[in-house]
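A short worksheet on the structure shown next.
Every number here is computed from the coordinates shown, using simple stated rules; none is lab data. As the structure is a prediction and not an experimental result, all values here were calculated from the model. We place every Cβ from the backbone using ideal geometry, glycine too, and count neighbours over all the protein chains shown.
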Amino acid sequence: MRAKREYRDRGRTEVAVLDALVDQADEGMTVFELRAAAEAEIDDLEDALATLKEDDLIVVEADGDQTLIKPDERVVPDVTEEEPEESIGDWLRDRLPF
């Protein structure tokens, strides 16, 4: 599943992080899991997480001995919404470096 369309007009790493978190919305993800899912360098990931946290698009929770990152509720699409086909613009944005 992908983050809502209104949150996709961001940097490549930020969008990759949001998409990965939306896929694991209930469980959350660790920084290491996010790094693997987003295929990002650690510095880029840290910058993306800081920006997303400032914009209140992610929630950070301590779960025992690990820290989990989850998407804010407003980022997760409603499951009753039909997911539209990927547009050419979305396809290009996901694949070309900006």
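Only helices enter the 222 nm calculation for the chain: every DSSP H run of n ≥ 4 contributes -39,500 (n - 2.57), and dividing by all residues gives -12500 deg cm²/dmol, rounded to 500.
Semi-axes, largest first, in whole Å: what does sqrt of 5 times each Cα gyration tensor eigenvalue give for the chain? Please report the intermediate quantities before stating the final value.
Details: eigenvalues 90, 56, 24 Å².
For the chain, the semi-axes come out at 21, 17, 11 Å.
Projecting label points 7 angstrom from Cα along Cα→Cβ for residue 25 and residue 74 puts them 1.5 nm apart. Can you give me the angle between helix 12-23 and the longest principal axis of the chain, using Cα atoms only, in degrees from 0 to 90, rounded to the nearest 10? For 12-23 against the chain, the angle is about 70 degrees. Along the range 39-53 the Karplus relation, 6.51 cos²θ - 1.76 cosθ + 1.60 evaluated at θ = phi - 60°, assigns HN-Hα couplings of 6, 10, 5, 4, 5, 5, 5, 4, 4, 5, 5, 4, 5, 5, 5 Hz to successive residues, with x for each Gly and Pro.
Tell me the relative contact order for the chain as a rounded percent, counting alpha carbon contacts under 8 Å between residues six or more apart. Spell out each step's value before the answer.
On the way: 107 pairs, mean separation 31.5, N = 98.
32 percent.
Derived scalar couplings between HN and Hα for the range 64-74 equal x, 9, 10, 9, 10, 10, 10, x, 5, 3, 6 Hz in order, rounded to whole Hz, by the Karplus curve 6.51 cos²θ - 1.76 cosθ + 1.60 (θ = phi - 60°), x for Gly and Pro. Annotation: extensible slack from residue 93 through residue 43 equals 15.9 nm (criterion: 0.36 nm per residue apart, minus Cα-Cα distance).
For a quick check: with amide H placed at 1.01 Å from N, whose amide H comes under 5 Å from residue 72's, ignoring anything fewer than 5 positions away on the same chain? Placed amide hydrogens put 58, 59 under 5 Å from residue 72.
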